[in-house]
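Visitor: Quick one: the structure is below, questions incoming.
The values are calculated or read from the model by the stated rules, or taken from the named source; none is laboratory data. Predicted, not measured: the structure shown is a model, and the values here were computed from it. Here Cβ is always computed from backbone atoms with ideal geometry, including for glycine, and neighbour counts include all displayed protein chains.
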Amino acid sequence: MKHKLNRFQLAFFRWRRRQSNNRIMPFVLSVVVGLIVGLSAILIKTIIFYIEQYAVYFAPSILNFLLPLIGFLIVTFLNRNIFSKTAYFNGARNVIESIEQNASIIRFRLIYSKFITTGLTIGFGGSSGVEAAIISSGAAVGSNVGRVLGLGYRLRTLLIGCGVAAGISAVYNAPMGGFIFALETILPEFTPTLLIPLLVAAATGKILYEFIMGEHLRFEVPLTDFEYEQIPLVIMLGVLGMLMSNYLLKTYSYCANYFSRIKNAYLRALIGGVALGSIIYLLPPMYGEGYVSINALLNSEERSLIVNSPLSALPNTVWFNLLFFFLITMVKPLSTGICVNSGGEGGYFAPSIITGGFLGYLFYKIVVLLFPFYALNASTFMFLGMASVFACIMNAPVTAIFLVAEITQSYQLFVPLMLVCAVSYFLKYYVENLSKSVEHPKGQSKALRVDRILLNQLDISKLVEEDGAPVQEDFSFRKVVENFSNSNRDVLQVLDKKGMLVGVIALNDMRKQLGDVSNYDVVLARDLMQPPSIVVEIDDPAAEVLDKFDKSKLWSLPVVRKGKFKGFISKSRLLTQYRNELTRVNRFF
């Protein structure tokens, strides 16, 4: 769609034309996106920090179990009254849908709306993660920087990837993790031209966050060297990680189905808030993201997880400790499912890491109890559990390896991390393919995504074939026949006096009347035309246009802009352009 450029776009395009190397521009924009997303990451962490400070330290401890309810009610009010147009948007899945189906256009409001609602949710004790907010915010920053500068679909998509990479890099202090997550999950496929912008954006986001907020390594504990005789234990943990991820997904699905039956949003928030508050009262580690609990376990302070719970009155035995850690491992997914589906905001990214950490610690405790002769390190199995569960939940095994290695500073665990992710992800893939009942989420097929994204890089306005012989409603049958004889099409458009499309005349529909010469000056075009069954808007994504061709079984469709006829588009021309795009050396960016 052509539109008048504003002064910012004109200035940008003048600068762009002066550059002898067109690769400088993506590099500069990746820095800009990285800086903006880094600031977003700082804001969301600041919101969470201060809400936690005021909520926990200024409220009577006996009322702490009511804090999630307060957060859910505030977030529900904001989503229904202020952020209603963006309330549905929740992280990577919606970002992928925007790239595939909405030409990489994401609402500007998502730059700030999600980190406000997610910050309130987690600050008041919601058991979710910040990643959905930072992914949404980062993608919105990239998309809107591209839109403000008048960039096309390809570069908007690249900047969305840069925003996501910068956000994950900043929040998790994991530049390689953010870089690989954007490649593995958000962007369609790897090309060499993606390397520099994504790496620069990830590094920029991390540097800005660290410069303002200081060092923020999540987990930094000394590790003993990994012994290869522990490989059977790693394989067992990989199997448990796959089973745990399956439990997580079923728990989230159950919570979503249960709360979807409660139609009143405030009642839903009330029930969810009370349920989560009760869980937190019994199991305090369920409060917030859960990184405090993981750090306590890494520093051999497991008793601190129990001390504020009513369960602390029970005898402190080995079996009680095992039961407690089993409970927090199994209840964490339930807490997250309640939080995200009853009124809170957040993602499943961090909960999968926390649950994996709990699983690894529980596994370590059981192995030490059964095989006391093993010299094991609890931290090692916690980190492996994190990677195993995360790889399956996010469908991103490579990201899991690098992300966990970076946030734990456990680079010496690369081999066991690779092994545990390979085992868990392979088993997940194998089990899903055995089960015919498994429904794969929309947008998860990489091949389908590449296909649709390549199609959407085509500009429909450039494929429209203008027709110089329009038919007016009051044209006679004779004149319609003359127009058909001067056209190579088997369909003609019928326009009113304002140029608006009112119908089409197909040659096949009037063949029987061609022999009746007496009707040539009596029958008019309005008597012959039919309302167009399917119309293409000139701004429609090419993938959607191809879907319309498949649905209609036609080879030519009329194209309009707000009802005004612009021409026809043929299926053969669309497929030819797609084939050319498919064989281009640098298909993306």
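Visitor: Given the criteria crowded, with 17+ Cβ neighbours inside 10 Å, at pLDDT below 75, of a type in the set (D, E, K, R) and out of contact with any helix residue (DSSP H, G or I) (no Cβ under 6 Å at 6 or more places or on another chain), does D516 qualify?
Guide: So D516 does not fit the description; no.
Residues are listed down the side, and each one gets a yes or a no for (1) touching a Ser or Thr at 6+ places or on another chain (Cβ under 8 Å); (2) within 20 Å of L283 (Cβ to Cβ):
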residue: N321; (1), (2): no, yes
residue: T329; (1), (2): yes, yes
residue: F349; (1), (2): no, no
residue: T399; (1), (2): yes, no
residue: F402; (1), (2): no, no
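Visitor: Select, from L454, L463, the only residue that is touching a Lys or Arg at 6+ places or on another chain (Cβ under 7 Å) and modelled with pLDDT under 75.
Guide: L454
Visitor: Follow-up. Is it true that some residue in the stretch 180-190 is touching a Lys or Arg at 6+ places or on another chain (Cβ under 7 Å), over 17 Å from E406 (Cα atoms) and part of a loop (DSSP other than H, G, I, E, B)?
Guide: Yes.
Visitor: May I ask you to list the residues in the stretch 216-242 that are at pLDDT below 75 and in contact with a Phe, Trp or Tyr (Cβ under 7 Å, 6 or more places away or on another chain)?
Guide: Selection gives R218 alone.
Visitor: Just checking, does the stretch 434-441 include any residue being assigned to a helix (DSSP H, G or I) and in contact (Cβ under 8 Å) with a residue 60 or more places away in the chain?
Guide: There is no residue in the stretch 434-441 that is assigned to a helix (DSSP H, G or I) and in contact (Cβ under 8 Å) with a residue 60 or more places away in the chain.
Visitor: Name the pairs whose Cβ atoms lie under 7 Å apart, with the first residue in the stretch 228-246 and in the same structural domain as F390 (by TED's automatic domain parsing), the second among the basic types (K, R) and buried (at least 19 other Cβ atoms within 10 Å of the Cβ), and 6 or more positions between them or separate chains?
Guide: Here the result reads M242/K428; S245/K428, each pair linking the stretch 228-246 to a residue that is among the basic types (K, R) and buried (at least 19 other Cβ atoms within 10 Å of the Cβ).
Visitor: Follow-up. So which residues in the stretch 204-262 are within 30 Å of I36 (Cα to Cα), of a type in the set (A, V, I, L, M, F, W, C) and surrounded by fewer than 19 Cβ atoms within 10 Å (Cβ to Cβ)?
Guide: Once the filter is applied, which keeps residues that are within 30 Å of I36 (Cα to Cα), of a type in the set (A, V, I, L, M, F, W, C) and surrounded by fewer than 19 Cβ atoms within 10 Å (Cβ to Cβ), the stretch 204-262 yields I207, F211, I212, M213, L217.
Visitor: Shifting gears a bit: Among the listed residues T204, T224, which satisfies the condition of being in contact (Cβ under 8 Å) with a residue 60 or more places away in the chain, of a type in the set (V, I, T) and outside any helix (DSSP H, G or I)?
Guide: On inspection, the qualifying residue turns out to be T224.
Visitor: Go through the stretch 286-327 and give me each residue that's under 33 Å from the mean Cα position of the chain (by Cα) and in contact (Cβ under 8 Å) with a residue 60 or more places away in the chain.
Guide: M286, Y287, G288, E289, G290, Y291, S293, I294, N295, L297, L298
Visitor: Collect the residues in the stretch 540-563 that are surrounded by fewer than 16 Cβ atoms within 10 Å (Cβ to Cβ), over 23 Å from L507 (Cβ atoms) and at pLDDT below 80, keeping them in residue-number order.
Guide: Correct list: K562, G563.
Visitor: Name the residue that is surrounded by the fewest Cβ atoms within 10 Å (Cβ to Cβ), counting only residues in the stretch 62-116 that are among the aliphatic types (A, V, I, L, M), touching a residue at least 60 places away in the same chain (Cβ under 8 Å) and within 22 Å of A41 (Cα to Cα).
Guide: That would be I116.
Visitor: Quick test of your reading of the structure: K498 fulfils all but one of (1) modelled with pLDDT of 75 or more; (2) over 30 Å from G161 (Cα atoms); (3) surrounded by 14 or more Cβ atoms within 10 Å (Cβ to Cβ). Name the failing condition by number.
Guide: That leaves (3) as the condition not met.
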